Amino acid sequence: MRVSNLVVGSAIAICAISADSAGQATLREGMKVRITSTSGPRVTGVVQQVTPDSVFVFTDGVGARYGIARSKITATQISEGKSMSRGALKGLAWGTGVMGAIGGLIVVTVGKDDEFERKYGDGDSPGEFFVNGVVAGAMFGPLIGAFVKSENWTDLSVQPVVGTHAVGMRVAFSF
């Protein structure tokens, strides 16, 4: 009875471990990837072919087929699609940053002008002008970011695969 419980428990544990290993992402044809390697620039594109020692990617932009040796790959990321919420967050950061920088630059360069309120802000002080710019960036940045969307990338470990076939050369001498 104890032996059968031990066997059943071991079988369940082995199935759970193998199922967990099977759930890990692997590089497959058709995946959108971003690969950084020591042999060239970062490449973004769709995987065309995966061999034991190389990955071939159809690149975005140029549209060329680019082969990368697995031993030269330093980082690999796979795309999980575009996200409106992630785009909105990036848009918030960019909108407030850019509008804050522009508003701050205007305030610093012409904020001491006696006619600042008449030229730039319908009676607003330089501080109010700056805050209005940041608020406008915080309003429009997320809207633009959600419309454009942002790619969601996940890191993936790609290891070189050792082949099962040996390649070599034999030299023989006869005397």
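The values are calculated or read from the model by the stated rules, or taken from the named source; none is laboratory data. Computed from a prediction, not measured in an experiment: that's the story for all the values here. Cβ sites come from the backbone with ideal geometry, for glycine too, and all protein chains shown count toward neighbours.
Okay, residues lined up against (1) touching a helix residue (DSSP H, G or I) at 6+ places or on another chain (Cβ under 9 Å); (2) surrounded by fewer than 14 Cβ atoms within 10 Å (Cβ to Cβ); (3) modelled with pLDDT of 80 or more; (4) outside any loop (DSSP other than H, G, I, E, B):
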residue	(1), (2), (3), (4)
D124	yes, no, no, no
G133	yes, no, yes, yes
A138	yes, no, yes, yes
G141	yes, no, yes, yes
G145	yes, no, yes, yes
D155	no, yes, yes, yes
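Looking only at the range 102-120, residues that are modelled with pLDDT of 80 or more, of a type in the set (A, V, I, L, M) and farther than 14 Å from N132 by Cβ come to 2 in all. Considering the conditions (1) surrounded by fewer than 18 Cβ atoms within 10 Å (Cβ to Cβ); (2) at pLDDT 85 or above, G95 is excluded by exactly one of them, (1).
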